[in-house]
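None of the figures in this text is laboratory data; all of them are computed from the coordinates on show. Not measured: the values here are computed from a predicted model. For neighbour counting, all protein chains shown are included, and Cβ atoms are generated from backbone atoms with ideal geometry for every residue, glycine included.
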């Protein structure tokens, strides 16, 4: 296929028009939502148990950092590779492999007898998440027709991730204080095994059997190395310093590797990531929106409010988890509205802009956070605004990025979208933590760091602004068309022009 053009056939989706929809699709969605639920839960619950782990395993500050960073590095660094492996080797097969690896690695995490064993098991957990996340989203794309049903499924997918984050906050404290920190990992095992058992029953295998199983080794090596170094640079920057030679060298190395990867992909007969998709404004704009949403949610709500609530106001992890549930429930509302009537009627651009305006308004209303403060008086309005904004922005960005992607490339496209969101999260945390620390001033430590948090929220408004700008410039209104079977599908105008 000419990389400069995309044929009409390449823009078709599965199930094909005229074919009956998969009768198991809604049962399949439950399994797919369980996957994103457990992965997001796994990423959030570990923060609560870190102090207990440090005492039991005699972890040094450096080891504690690696317990967190090792997961992020393997997860973020392997997302593209995990998505392409699903395209080539079979999505259901890779989903089951990822679920099995998640169960085994979680078991070893819970049984870890030393810091080195725990870090190694966390790397394996990240690999499992890097396989399962883009694979599950790719299966969703190929199970539901483009349009109303897929948008609705993406809404549920987004909601499941939000619930996973809240449940992680709620369960982490009781499990750590009760049976012990190992149980924050043991809870993954039965869920992962159940997903693996149900996969052959409710998920259909999908991959292009006519496609040559040619694997872009050079592209895989350079892209994975670039992503790992980039995530490592971002995660380590608050400690090493953004202007330090160590950070600059890592960022430069990542940029060089990405440049080499681009050259390889231009010349490859079977590229890991077809570069033609970056000519589609919808694909690029949707992923920038996901990057901005990830930066805002992880950096603002995830980092700043957690530190403020527990470190300044003294709320317990369980209390904060209950408060956070307010935002999560509203995230579900925003996700379902965006995935249902709003995107179909108005297209992803106005929905993404509306969601990001709510996110920006939330970050505008939260400061100045006071000392002392309260949930109802100082945080509730911000959470009420942020929840539906997050849900709408995430779903609209996902729809824009994935609309028109053919089945053969759905895994790698899902990997790019997930990478945008999760790399955005790591970048948001790094930037917000750096701003909070550098802007902390005053003789009272609590007042000083709270001042830093307030400045950080002003930066989060910029994150939302970047997403809004990308929506205005890159996202066109998705046009709805009706097939001969009466199914509504969507296609970006720029994709239609390229067809």
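Using the Cα atoms of the range 281-499, I'd like the radius of gyration and the largest Cα-Cα distance, Dmax, both in angstrom.
18.6, 71
For a Förster distance of 45 Å, can you work out the FRET efficiency between the beta-carbons of residue 56 and residue 27, rounded to the nearest 0.05?
About 0.65, to the nearest 0.05.
Considering every pair of different Cα atoms, what Kirkwood radius, in Å, is found for the range 29-175?
15.8 Å
With viscosity set to 1.002 mPa s at 20 °C, what whole-number translational diffusion coefficient in µm²/s follows for the range 380-484 from Stokes-Einstein and a Kirkwood radius over Cα pairs?
After rounding, the answer is 129 µm²/s.
According to the square roots a ≥ b ≥ c of the eigenvalues of the Cα gyration tensor, what is the shape class of the range 229-366, taking rounded for a/c under 1.5, prolate for a/b larger than b/c otherwise, and oblate for the remainder?
Because a/c hits 1.5 or more and a/b fails to exceed b/c, the range 229-366 counts as oblate.
List the relative contact order of the chain as a percent without decimals, with contacts defined as Cα pairs under 8 Å and 6+ residues apart.
24 percent
Taking the highest mean first, how do the peptides 349-356, 394-401 order by number of other beta carbon atoms within 10 angstrom per residue?
The packing order, highest mean first, is 394-401, 349-356.
Taking the alpha carbon gyration tensor of the range 111-203, what are the square roots of 5 times its eigenvalues, largest first, to the nearest whole Å?
Taking √(5λ) for each eigenvalue gives 30, 16, 12 Å, largest first.
Scaled to the compact-protein estimate 2.2 N^0.38 Å, what is the alpha-carbon radius of gyration of the chain, rounded to two decimal places?
0.93
Given all pairs of different Cα atoms, what value in angstroms does the Kirkwood hydrodynamic radius of the range 217-271 take?
Radius from the Kirkwood sum: 11.6 Å.
Please compute the modelled spin-label separation between residue 448 and residue 201, points set 7 Å along Cα→Cβ, answer in nm with one decimal.
For residue 201 paired with residue 448, the spin-label model returns 5.8 nm.
Using mean Cβ contacts within 10 Å as the protection proxy, how do 306-312, 271-277 order, highest first?
Averaged packing, sorted descending, gives the order 271-277, 306-312.
Normalised by the residues of the range 217-271, what does the relative contact order come to in percent, with Cα pairs under 8 Å and at least six apart?
RCO, the range 217-271: 48 percent.
May I ask you to order 433-441, 120-128 by the average number of other C-beta atoms within 10 Å around their residues, highest value first?
By packing density, highest mean first, the sequence is 120-128, 433-441.
From the helices alone, meaning DSSP H stretches of at least four residues, give me the mean residue ellipticity at 222 nm for the chain, per-run term -39500 (n - 2.57), in deg cm²/dmol to the nearest 500.
Roughly -25000 deg cm²/dmol at 222 nm, from the helical runs in the chain.
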